[in-house]
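Below you'll find the structure, written out as structure tokens, and then a few comments.
The values are calculated or read from the model by the stated rules, or taken from the named source; none is laboratory data. Quantities reported herein were computed from a predicted structural model and do not represent experimental measurements. Cβ atoms come from the backbone with ideal geometry, glycine included; neighbour counts cover every protein chain shown.
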Amino acid sequence: MSEMKLSRVLVLSGGLSHERDVSIRSGRRVAEALRSQGVEVSEVDSDSSLLPTLSALEPGSVIFPTLHGAAGEDGAIRDIFEMLELPYVGSTADACRRSFDKPVAKGIVESVGIRVPASRVLPHSTFRELGAQYLLPLIEKSVGLPLMVKPAKGGSALGASVVRSAAELPEAMISAFSYGSDVVIEPFIAGREIAVSVIEESDGTLTALPIVEIVADSGFYSYDARYTAGLTEFFVPANLDSILSARAADVAKKVHMGLGLRDLSRSDLIIDNNGEVWFLEVNVAPGMTETSLLPQSVAATGRDIGALYKELAERALLRKYSTSQ
Amino acid sequence: MTTGSRLDSFVARYAERTKSMTASEIRALFAVASRPEVVSLAGGMPNLTALPMDVISQIVADVINENGQVALQYGSGQGDAVLREQITEIMKLEGIDSHPDDVVVTTGSQQALDLVARIFLDPGDVVLAEAPSYVGALGTFRQYQARIVHVEMDDDGLIPERLREAIAHTRAQGGKIKFLYTIPNFHNPAGVSLSLERRQEVLRIARDADILIIEDNPYGLLGFNTEPTRAMRADDPDNVVYLGSFSKTFAPGLRVGWAAAPHAVREKLVLASESSILCPSNFAQMAISRYFATQPWQDQVKSFQVLYQERRDAMLETLEQHFPATATWTKPGGGFYVWVTLPEGIDTKAMLPRAVTSRVAYVPGTAFFADGFGSWSMRLSYCYPSPDRIREGVRRLAGVIEEEMELRATFGSAAIPLSERPQRILPPSELI
């Protein structure tokens, strides 16, 4: 069975999450890169026609999920792949579940010795029952200003705000609750914002790709700053000394291992003014758009991104048939 | 040292006006609204289910078979002469007596808007527009770096007294008003129409103040059980540029609209159009011309009216049943839109992600203001979904509003209380 050849990659993008638009753009880029390697590619949306499509996949097909946000990164769709025993690129359903929930991921990451901002996770119901007028001042006092408010699940900075004054806190809470039922509140870590992508090589070793430093014109790497070319300056590789670079790379690899991730991941980190590396969040389906960070890191290595995607797809196929033997 | 990249090597070379063209969370959310699971009350797409596609197919074939050499060739910059003649006949329904020479055919009336803005607006010039106003017009005026001063409306449309005040305030501040942009019939997004009495008064005010009127009228023939209202241009052709469209009476995919303008303005519009597109599509014009010449198009418009009226009724009934008692909405006599004003404190832009999660979409009110107003309003379109889907969408939206009200109650309203909301008329410097 190890002779099974890659016949087709099904790039899955879109879906119904708030990040649908980004996902479609990611999917398109992945599909183009794979086609440039001579791979047969189908691009499909995650809708009611998906299950029949998946069920009809011929042997040798691999799924490359580029679904972002809920249902894409929360493990649900990967549970479906696993039930159908279909090979796919990326982390398992269990690992996605651990990673997508920011508080859960942070707890695991902290347990492997990585510094994380102390966060509070509160549902809307707590504010309703205890009274926001009492809780908000407590948050301000306990967490301190400036602070970050973001939905407990989801990416692309949707619903995320930097709060610099107490007056901004209620609106930031409302904005985060618009995207989910729980919010994470944590201190704003001032420093240099970096992203470290990790690729699992064919021999199982982890490679941390060149680090990207992100300098958003507005000072906050918001949705607009992420997906509008020109609004953010990226430094690849980041201008970090070798010790700091190695430390950040080590953190990203530990995150990948600690959460039990597979194939590829991207950790978003902050290096504070004392040179300490802080973990913010991890992406199991990192953005693959024109302005996304992982493709920039791959380009900086001189590696062809299409070849990398093809390699990952072939490995998924091998994984399926070697484990089913 | 690594040098930074902005992933766009042209970033330093873009024009100043391009800087506002960025990705946005709202745009991202609309990507979800296109999915069939979502009831989209957001878009203003005409409902083409009533069009006789077999007839249109034959018309298109006939155009090519009988006159393909002309249809597929460049044409006149001003537009096809036969179609311009037909356009004058259509405008007669609204009392406009014009000559085909007064008409410039454009690529949708959106291009006519662009041309008007191009020939009149210098950066910093002022455009008077209703509050709220058509988002596509605001975008066009912004592209020409104009300042938009909004003028309050009520159920009878633009309020003449507010118009007088806006003119006086703007001029007192040194603002140079180039024109008044108005949508007198079944307003997008407000759903209201300018009363006949007010039309006369607005015309008088504009003439006295020497201000040109741009009368945008895509929905005029889509009134429910009413005859077309007399156009403003009918009573003052020397001071009104009229914009018309086939997008709602026939099909938007053909992209054909027009401007009827005073002679000197028409000359400039033709020159401006030629410099941007050379000429409108001959093929599209000839297809429309043949359709209007050979088909009972007024009956077709009536069937559109029936279709939209049924949808409007479904929306108004369900709003009445499910929306909070403190919400208000307009009751359009035609067109596509209902303008909803929600209870104090609701921010419809902040609420949109929650709505999309609940599989319903709308356009937040701020899109229709150039000055940040409208956060407590939303535009609901009834033109495209079926009546049952409209009912379902409104029900879902009512649930979303209820949750949002609860959230706002928890955190306190971050929006400006009704009683403290600024009056519409402000010095122009505060309206930029």
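When you go through A:300, A:225, A:238, A:246 one by one, which is the residue that is within 14 Å of chain B (Cβ to nearest Cβ), more than 14 Å from residue A:200 (Cα to Cα), part of a helix (DSSP H, G or I) and more than 19 Å from the chain's Cα centre (by Cα)? Quick ask: steps written out before the conclusion?
Values: A:225 fails: more than 19 Å from the chain's Cα centre (by Cα); A:238 fails: part of a helix (DSSP H, G or I); A:246 fails: within 14 Å of chain B (Cβ to nearest Cβ).
Checking each option against the conditions leaves just A:300.
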| residue A:125 among the polar types (S, T, N, Q), more than 22 Å from residue A:281 (Cβ to Cβ) and within 14 Å of chain B (Cβ to nearest Cβ) | yes
| Of the residues that sit in the range B:341-359 and are within 14 Å of residue A:175 (Cα to Cα) and small (Gly, Ala, Ser), which one is nearest to the other protein chains (Cβ to nearest Cβ)? | B:350
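Run down A:6, A:34, A:16 and say which single residue is part of a loop (DSSP other than H, G, I, E, B), more than 14 Å from chain B (Cβ to nearest Cβ) and more than 12 Å from residue A:65 (Cβ to Cβ). Explain how you work it out, then say what you get.
Values: A:34 fails: part of a loop (DSSP other than H, G, I, E, B); A:16 fails: more than 14 Å from chain B (Cβ to nearest Cβ).
Just a single option satisfies the conditions, and that option is A:6.
Would you mind stating whether residue A:29 is buried (at least 24 other Cβ atoms within 10 Å of the Cβ), within 14 Å of chain B (Cβ to nearest Cβ) and under 27 Å from residue B:26 (Cα atoms)? Can you show your working first?
Values: buried (at least 24 other Cβ atoms within 10 Å of the Cβ): no; within 14 Å of chain B (Cβ to nearest Cβ): yes; under 27 Å from residue B:26 (Cα atoms): yes.
For residue A:29, the condition - buried (at least 24 other Cβ atoms within 10 Å of the Cβ), within 14 Å of chain B (Cβ to nearest Cβ) and under 27 Å from residue B:26 (Cα atoms) - is not met.
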| task | Would you be able to tell me the number of residues in the range B:255-300 that are within 23 Å of residue B:228 (Cβ to Cβ), aliphatic (A, V, I, L, M) and surrounded by fewer than 20 Cβ atoms within 10 Å (Cβ to Cβ)? | result | 1
| request: Report, ordered by the first and then the second residue, all pairs with beta carbons closer than 8 Å, sequence separation of six or more or different chains, a first member in the range B:294-311 that is under 16 Å from residue B:331 (Cα atoms), and a second member that is assigned to a helix (DSSP H, G or I). | output: B:310/B:387; B:311/B:387; B:311/B:390
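Mind checking which residues of the range B:24-46 are more than 9 Å from chain A (Cβ to nearest Cβ), out of contact with any Gly (no Cβ under 9 Å at 6 or more places or on another chain) and crowded, with 18+ Cβ neighbours inside 10 Å?
Narrowing the range B:24-46 to residues more than 9 Å from chain A (Cβ to nearest Cβ): B:26, B:33, B:39-46.
When the remaining residues are screened for being out of contact with any Gly (no Cβ under 9 Å at 6 or more places or on another chain), the result is B:26, B:42-46.
If the condition is that a residue be more than 9 Å from chain A (Cβ to nearest Cβ), out of contact with any Gly (no Cβ under 9 Å at 6 or more places or on another chain) and crowded, with 18+ Cβ neighbours inside 10 Å, then B:42, B:44, B:46 are the ones that fit.
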| field | Failed item in (1) within 10 Å of chain A (Cβ to nearest Cβ); (2) within 22 Å of the chain's Cα centre (by Cα), with residue B:14 passing the rest | value | (2)
| message | Anything in the range A:237-257 that is surrounded by fewer than 21 Cβ atoms within 10 Å (Cβ to Cβ) and in contact (Cβ under 8 Å) with a residue 60 or more places away in the chain? List them, or say none. | response | A:237, A:254, A:257
| message | Only one of B:27, B:17 is more than 19 Å from residue A:23 (Cβ to Cβ), assigned to a helix (DSSP H, G or I) and at pLDDT below 95. Can you tell me which? | response | B:17
| remark: Checking A:175, A:197 in turn, the sole residue that is in the same structural domain as residue A:280 (by TED's automatic domain parsing) and in contact with a Pro (Cβ under 9 Å, 6 or more places away or on another chain) turns out to be A:197
| note | Filtering the range A:201-220 down to residues that are buried (at least 20 other Cβ atoms within 10 Å of the Cβ) and either assigned to a helix (DSSP H, G or I) or more than 12 Å from chain B (Cβ to nearest Cβ) (or both) yields A:208, A:209
| How about the range B:46-99: which of its residues are within 30 Å of residue B:337 (Cβ to Cβ) and polar (S, T, N, Q)? | B:47, B:49, B:86, B:88, B:98
| Does residue A:109 qualify as being in contact with a helix residue (DSSP H, G or I) (Cβ under 8 Å, 6 or more places away or on another chain), in a helix (DSSP H, G or I) and of a type outside the set (Lys, Arg)? | yes
| said: Just to confirm my filter: which strands (runs of 3 or more DSSP E) fall fully inside the range B:77-166 and include at least 1 residues that are outside the structural domain of residue B:334 (by the TED database) and under 18 Å from residue B:237 (Cα atoms)? | reply: B:103-106
